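Notes follow once the structure below has been shown.
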Amino acid sequence: MLVQLVGPTAGDNKNSVGLEFTAPSLAATVEVWDSGECEVIASEMDDPEGDPAVSVLELADPNEVGDVLAHVVAQLAAQ
């Protein structure tokens, strides 16, 4: 599995950082903003024209970022 840091970015009074995860059959991007918003976008590598799965989360605690990342890694490892 390949993991790349994307960002940090700034704009619209929000700062964010993202991580891109790439596994043989699935790719996912996790973007986390300093406002507590989090977006997870996942797509299948063998269907580049297919619609990605998008989840938008509101994280109440900064420690929840680790939980989101652990869930994404577990999903990719299961592929």
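The values are calculated or read from the model by the stated rules, or taken from the named source; none is laboratory data. Fair warning: this is a prediction, and the values are worked out from it, not measured in the lab. A quick note on method: Cβ atoms are made from the backbone with ideal geometry, for glycine too, and the neighbour counts reach across all protein chains shown. SASA here: full protein model, heavy atoms, side chains in, ligands and nucleic acids out. Shrake-Rupley method; radii C 1.70, N 1.55, O 1.52, S 1.80 Å.
Before moving on, here are some points about what is shown:
- Enumeration of residues in the stretch 29-79 that are polar (S, T, N, Q) and modelled with pLDDT under 90: SER35, ASN63, GLN75, GLN79
- Enumeration of residues in the stretch 12-21 that are assigned to a strand (DSSP E or B) and either among the charged types (D, E, K, R) or open to solvent by 40 Å² or more (accessible area, probe 1.4 Å) (or both): LYS14, ASN15, VAL17, LEU19, GLU20
- Taken over the stretch 52-72, the criterion of being without any contact (Cβ under 8 Å) to a residue 40 or more places away in the chain and part of a helix (DSSP H, G or I) is satisfied by GLU64, VAL65, GLY66, ASP67, VAL68, ALA70, HIS71.
- Looking only at residues of the stretch 22-51 that are more than 20 Å from PRO62 (Cβ to Cβ) and assigned to a strand (DSSP E or B), we find that the one that is most open to solvent (accessible area, probe 1.4 Å) is GLU44.
- Which listed residue is assigned to a helix (DSSP H, G or I) and open to solvent by 60 Å² or more (accessible area, probe 1.4 Å), from GLN75, GLN79, GLN4: GLN75
- Complete set of residues in the stretch 58-69 that are under 21 Å from PRO8 (Cβ atoms) and surrounded by fewer than 15 Cβ atoms within 10 Å (Cβ to Cβ): GLU58, ASP61, PRO62, ASN63, GLY66, ASP67
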